């Protein structure tokens with residue numbers, strides 16, 4: 001399970017220690033090589049931190065786009081399930097009651113999709129049950145289309161059912177969409193390199209500024225942790241709300257079998 005707090009502390013400690021390594025390394029080897037002081041040192045450090053900020057902003061935008069996509073697909077699937085359910089209410093019994101029972105279980109399984117995504121075995125079980133329910137829903141729908149009530153809404157019901165099933169696949173693809181590992185590794189490496197350069201530059205200037213630089217890298221660590229948390233999508237502090245699915249589940253649960 002992803003722990004955002006530990007991730008933040010881990011990033012921050014790694015950056016502060018890297019800065020300290022750079023600072024002590026300069027002091028140890030300054031008799032062989034000196035970094036430029038004054039304005040030159042300020043320029044090098046400012047440039048490195050500016051580039052780091054741009055890289056973090058770029059990576060954050062990717063993570064945020066993926067998060068928004070996952071959130072929107074939850075709403076889209078909930079809407080598709082609701083639309084399909086409403087059109088099923090125009091069918092005659094016994095197919096209508098059978099579909100209501102299947103749809104109630106289906107929406108509950110779809111809500112489990114988000115909570116079980118972090119566990120591959122549990123996710124596989126959810127996907128298997130989803131496929132089974134889709135087959136059952138399709139079988140009963142096919143029977144209903146042979147009735148007069150089903151024939152009147154055949155096209156709209158089939159379209160809604162297909163859209164509901166397609167949205168389930170879209171959500172699976174969206175949760176697999178992550179920031180490329182090469183980009184994440186590059187941002188982490190650049191952050192550590194920037195911290196090392198800050199340490200070297202501060203040593204050349206003759207002052208560590210430990211409080212201010214530690215605060216800076218705590219903020220950088222927080223940004224990196226937010227990116228990882230948002231990119232994770234399944235566990236952590238930033239997760240996709242299931243409120244639309246919960247509202248649909250409540251609406252379907254209110255349906256009572258016909259006497």
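Please treat every number below as a calculation from the coordinates, not as lab data. Bear in mind the structure is a predicted one, so any value in this text is a computation, not a measurement. No Cβ is skipped: glycine too gets one built from the backbone with ideal geometry, and neighbour counts run over all protein chains shown.
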*Residues that are surrounded by fewer than 17 Cβ atoms within 10 Å (Cβ to Cβ) and not in a helix (DSSP H, G or I), drawn from the range 111-144*: 118, 119
*Would you point out which residue out of 240, 213, 201 is surrounded by 14 or more Cβ atoms within 10 Å (Cβ to Cβ), touching a residue at least 12 places away in the same chain (Cβ under 8 Å), touching a helix residue (DSSP H, G or I) at 6+ places or on another chain (Cβ under 8 Å) and under 30 Å from residue 135 (Cβ atoms)?*
240
_For the range 59-97, which positions are in contact with a helix residue (DSSP H, G or I) (Cβ under 8 Å, 6 or more places away or on another chain) and over 30 Å from residue 142 (Cα atoms)?_
59, 60, 62, 63, 64, 66, 67, 69, 70
